[in-house]
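This report concerns only the one structure given below.
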Amino acid sequence: MSTALVLTLANQAPYHYANYPFTAFATQGERQYGCQADGLYELVGDTDADAPIAAQITTGLLDLGEPLLKNIDALYLGYRAAGALDLTVSVGQSDGPQTVNYRLAETPAAPVTARLKLGKGVKARYWQFRLANTDGADFELETLDILPIVLQRRI
């Protein structure tokens, strides 16, 4: 299987697709297509060969525009999900990365805003966030608002 890197020109958002045999993608109206050596395929359905489709959104390492250490007291997610989601928060530390996982509830009817209080005491310059579905649940992420508390130390 191959992997693909895709850049949405409208908002410069990069996407990485893994385990897709496609060499190109196209959108016509609301329909998405994948192209491979033997033809063009419409990408439809909620499963991949009867298996749930695992999906995730991962940010890069963010310093949130500030080179100093920071603590993140809370973040707000605007999202909709047909099942539970897992949010993983990672920070780089001198003794290796630290990660904490949070479970977000299902919100099938409409997008909601959820406030997530993060654990206290974690200080880092760089932060990374990963939102993943569980059991192939469909989800949309509308917003991710991060509220850092900037500390006065660089290291």
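The values are calculated or read from the model by the stated rules, or taken from the named source; none is laboratory data. Here the structure is a predicted model, which is why all the values come from computation and not from measurement. Cβ coordinates were reconstructed from backbone atoms using ideal geometry, including for glycine residues, and neighbour counts include every protein chain displayed. To get the accessible areas, we keep the full protein, side chains included, count just its heavy atoms, and leave off ligands, DNA and RNA. Shrake-Rupley method; radii C 1.70, N 1.55, O 1.52, S 1.80 Å.
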#### Entry: Per-peptide average of other Cβ atoms within 10 Å, ordering 63-74, 89-100 highest first
63-74, 89-100
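Under 10 Å from the Cβ of Ala137, count the other residues' Cβ atoms, weight Lys and Arg +1, Asp and Glu -1, and hand me the total.
-4
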## Note on the structure
Probe 1.4 Å, heavy atoms of protein chains only: per residue, the accessible area of the chain in Å² is 66
### Loop sites in the range 1-97: chymotrypsin sites (Phe, Trp or Tyr not before Pro), DSSP, at most 10 other Cβ within 10 Å
none
### the range 1-47 versus the range 83-150: alpha-carbon centroid distance in Å
26
### Listed values [x] 45, 29, 25; [y] 57, 32, 30; [z] 69, 27, 25, entry calculated as Cα extents along the principal axes in Å
[y]
### For Ala74, net neighbour charge (Lys/Arg +1, Asp/Glu -1) across residues whose Cβ lies under 14 Å away
+2
### Residue with peak Gaussian network fluctuation, the chain [Cα springs, cutoff 10 Å], from Glu142, Glu106, Glu42
Glu42
